[in-house]
Structures are given as structure tokens and as C-alpha cells.
Amino acid sequence: MHQRKIDTSLNDRRGILRQLERVKEENISLDELEEIGGFLKKNGKSALRPLVRNLWLERRGDLISRYTYLLDFFEDEVWIDQLIQIALKRRDLDHDAKAAILAALEGYGVDVSHPPFSYLFAGIANSASISVPEVLDRGEEGLISFMEEFLLYPQEIRLMVIGRLPEVGNPKVVDLLQILLRLDDGGVTPATLAALGRIREKASAELLRKYLSQAAEPLAGIAARNLRRLSFLGVDAGNLSEQDTSLPFHICCAGPPDGDGYRTLFFSRTSGGDTFAILCLQIHELIGIVGARGSASVAGSELEEELTELHGEEEVVPVEADYALCLMQDALYRNRETGTELPAEFYVRSGMFSRGQLVPTIYEPPLQPTKAKVRLTNDCLDEIADDDFFSCWFMTDSSVYGYAAEWRDLQLRCSGRELTRGLELILARFCQELFPHLVERIHRRLLLVADLMRRVGRDPRLAEKTAALAGNVAEFKLPYHFHPFLRRLALESMDMAREALEEGFDTRRYEPESGEEWDD
């Protein structure tokens, strides 16, 4: 008898649509987009068609950027013509949305500086320059909004926008150009220096002179040329005014890395009188700086409230300014190496640092695994894992939620020895899947925690034991679920995920299981 093949196309289609709906979630992460892209790629053209259809219908620039990111999971010859048609035919897109499409085309090798795309450039640049006076009136908030938009633009649009800034006619535009000088971009920096040379303001000349005192060729020559131009026009920089960066740091803090490799840095600097400039950074061990927020002026009471909250939520502790700067410079190095754009607010706030403090430099914790006789007993490992610096050592990868769901279901079905054996099998698979590619990172995280312990005056023996544990994890030869520390990390990660599942939170967005119905 001929066996009838079961038609799963409806479930497949619903799964694809469900994945595409996830793209619209407000705080979706890059890892989640990667997961969605992998899912769509497995489904081939049946997933590409609704993805392109969503692009044709979407008007928001941020969502268009996400959809074009997902296109990269497919061969570009299949969809590149569609993206070109969207760029040329859509008349309902604002400049944010157009910029997102043009950025994608440029990234895939399309020369968007020539007609017909150059006409779209002009419209975007004009629109952006018209909004600058409003941006300047909104103070810091406006500057951050401008930078968030500016960083989305392809290079040609960035240069056009900078070229129009001197036409704004507001002296405050120098503040905006000062922020643009911090981008350290080979195309943007010369254009910014040239724009400063067209603004007949003392502040513009001061900024050029300050930049010239620290720059190397060929940028120093460009700065000098534009400074001479202003001098010829009767603008004198005079004596350079005192900069906030000459004032001392007030309090700097650092938190330990968590179970996903994130940690918090905090800087505060006296800004005169009883007020402080503050900057809080979230950094990731591989990517670098991924988040920034702060203020140019807060009162002492607000600063204390901020520090109390950070200590309670992120375990940040006061550290020496030089150490905090080393961690920030390491993060900047990783941003540069991975090509990850710095947050817009970081550019706005980084004026609180000197140029030398912003040099990307890799940091290696000086406290390395010791060969001394440090016996890592179970009590010793519990002492390390129970320390406050390990309070956020659990993993939130979506795979963890799958194992947590298995554990929860196992507890509902089994008890006694059967439950123990079942949990052991889950742990073995968990550790086998997740830890091999993470051990090197866990090794470094442990060294960074040991380094932080040493710097803030914790028990030197505890710091030494933590460094010894780093070496022990890296050299462990048995299956990882036999390592007491890694075993505890796996259990606590599953336990946190299980609690989240019980509260209705689930980072998994897998395709439906056989027989499961999706809502359209």
C-alpha cells in the first residue's frame, strides 16, 4: 500500500509567520535575530517570500533594518532586486526608513552614491539638516537622538549631513560637531573638521585648536588649514577654556561579569560646584560597549541614589579610576575588533574623558591561575560560588529554557531515583551542548572576578582560589557535568529558567512541535 505523506506545509507556514512576528518585539537581541535567521534559512524560499513581503509593507526604519539583516541568511541574488525596487518605488517612507534600506544596499555592494540612489541621499540629508535646530533646542536629549539617527546612515549620507551643518546658523552646532569628532572615522573626521572651518564662531576655532594639539597627520594638517581659514575670517580662538576632563574623577565603579559575559562600569566626574557628570556603561566580553546612559549634571544626592541602585542590581563596587578605564579601553578594543558600533549616547557623553583615555587597548587580568597548592574542595567551590560577585552567574540562552522545560516536566512525572537519573541525563546533555564553546570564556570571566576581588580588598585567599578555579575549569578533561562548579552553573541556570517559565516568560521561540496548533 502506498504510504501517504503527511502535509506539514501549514504548520511550517505558521511557524515562519510566528518567527517574523518576533522581529517586531521591542527588545529583541542580536542573538535572537540570529536564531530567527537560522530558522528562516532552513525553510528556504517559503520563508524568504513572507520576509520580503514584510519589507514591502514596513514603514519603520528600525524594523526595516532588522528585516534586511535577516535577508543576509539567504543568497543575495534571490532578493537583491526586490530590495532595489523597494528603495526606488516606495514613496511612503521617511528618511529613517530610506536610510535603513540604503545602508543595507551599500552593505551588499550596491554603489548608492550614484543615480538613481543619489537622489534619495539628497532627500535624506536635507530632511536631517532641517531637523538640526530642533535637535539643538532639546539639549542633551536632542544630541543623543541625532546621533542615534546619524549612526544608521550610510557613509555618503553622513557626509552630506555634516556638509549642511554649517548652514544651520546656530552656534550650538559646534557641540554637535565636537561629538562627531569622537567617531574616529576616516571619512567623517575630515568632513567634520572642514565643517568647523565654515562656522565663524570662537568655539569652532577653539575646538579646531584643541584637536590640532592632539592630532597626527594627515588630520592635523586638515585641522590647521581650517583654523587658518577662520583666522583669515577674523575668528580668533584666544586662550583655550578649562575643560571638564581636567577635573578629577569622583567615584568609579565596576561590577563583576555575569553568567552571560556582561558587566557594568560607572564613571562620575566633578563638573563644577556640587554637581557631577556620570556615565554608566554595559559591556560584553566579546562585543565591547553595548549600552550607555548618563547625565552631564546630577546633584550629589542623585549620584548616591544611582550608586545604591547599581550596587543592589549589578553588584558594582568602587574601584580605582585607572582600573575602570582599563576595562573601558578593553571594551573599546572589542568594539573595534568586532566592528560593533558604539552606542549613540557614549559619543555624547565621552567628552568627560581625555583623548588618551579612549584609546582601545586589550586588558589581561594580572592575576593568573596559580600553580601554588590551592586545594579546590567542594567547600572551597561553594565558598566561591556563594560570593556576591557570583550572584548573577546563570545563563539565559534560549537553549537553557529547553532543558529547564524538560526538568520541569520530569519533576511532574517522576520522583525518587527515577527523577535523579533523569536529571543526570539532562545535565549531561546540557553540559555537552553548551560548555565546550564557553569554557574559554568562563575561564577568563573567573580571572576577571578574581582580579576585581583583589582590587577591592576582598580576602586575598578567595581571589587566589578563584584564579585557581579558572585554571582548573580550562584544564578539566572529564565530561563537564562532573565538574562541581560547572555543574552548579548549569543547575542554577536551569533553575532560574524554570522559575521564569512558571511566570510565563520564555526566551524560546521554536517552531511548533508535531500536532501543536499555532494561532494565525
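Normalised per residue, the accessible area of region 254-400 is 44 Å², obtained with a 1.4 Å probe and no contribution from ligands, DNA or RNA. Protein heavy-atom surface of region 18-104, 1.4 angstrom probe: 47% of the accessible area is carbon and sulfur, with nucleic acids and ligands not counted. Counting every pair of alpha carbons in region 164-322, the share spaced more than 23 Å apart comes to 52 percent. Each Cα pair under 8 Å and six or more residues apart adds its sequence gap; the mean of these over the residue count of region 334-450 is a relative contact order of 29 percent. Across region 277-332, C-alpha contacts under 8 Å between residues 6 or more apart give a mean separation that, scaled by the residue count, equals a relative contact order of 35 percent. P(r) for region 320-465, from all Cα pairs and a bin width of 10 Å, is 9, 26, 29, 23, 11, 3, 0 %, short bins first.
Structural descriptor for region 12-73: relative contact order 40 percent, calculated from alpha carbon pairs under 8 angstrom and at least 6 residues apart. For the pair E492 and R225, label points projected 7 Å from Cα toward Cβ lie 5.8 nm apart.
Applying a DSSP loop filter and a limit of 14 other Cβ atoms within 10 Å to the GluC sites (Glu not before Pro) in region 442-510 leaves E503. Within region 307-377, the GluC sites (Glu not before Pro) that combine a DSSP coil assignment with at most 16 other C-beta atoms in a 10 angstrom radius are E320, E341. Taking Cα centre as origin and charging only the Cβ of basic (Lys, Arg, +1) and acidic (Asp, Glu, -1) residues, the dipole magnitude of region 342-438 rounds to 260 debye. For region 168-228, the Cα-based Rg and Dmax, in that order, read 10.3, 30 Å.
Full extension of the chain segment joining Q432 with D382 gains 15.7 nm, where the gain is 0.36 nm per residue of separation less the Cα-Cα distance.
A full extension of the chain between K24 and T275 corresponds to an added length of 86.4 nm, given 0.36 nm per residue minus the alpha carbon distance.
Looking at this model, which pairs from K45/K98; K89/K172; K24/K172 are more than 29 angstrom apart at the alpha-carbon? Too far apart for the 29 Å limit: K89/K172; K24/K172. Using the Cβ-Cβ distance between R336 and R293 with R0 set to 22 Å, the FRET efficiency works out to roughly 0.50.
What's the ranking of 298-308, 59-69, 163-173 by average number of surrounding C-beta atoms within 10 Å, highest first?
59-69, 163-173, 298-308
Segment L233..L57, full-extension length gain: 58.2 nm, with 0.36 nm per residue of separation and the alpha-carbon distance subtracted.
Distance from the Cα centroid of region 274-326 to that of region 140-154 is 22 Å (rounded to whole angstrom). Sorting 211-217, 258-264, 352-358 by average packing, meaning the other beta carbons within 10 Å per residue, from highest down gives 258-264, 352-358, 211-217.
Take the alpha carbon gyration tensor of region 253-356, find the square roots of its eigenvalues, order them as a ≥ b ≥ c, and report rounded if a/c is under 1.5; if not, report prolate when a/b exceeds b/c, else oblate.
It comes out oblate by the Cα gyration axes.
Would you work out what percent of the accessible area of region 231-352, with all protein chains in place, is carbon or sulfur (probe 1.4 Å)? Result for region 231-352: 48 percent of the exposed heavy-atom area is carbon or sulfur.
The values are calculated or read from the model by the stated rules, or taken from the named source; none is laboratory data. Quantities reported herein were computed from a predicted structural model and do not represent experimental measurements. Glycine gets a Cβ as well: all are built from the backbone with ideal geometry, and neighbour counts include every protein chain shown. All accessible areas refer to the heavy atoms of the entire protein, side chains included, with ligands and DNA or RNA removed. Shrake-Rupley method; radii C 1.70, N 1.55, O 1.52, S 1.80 Å.
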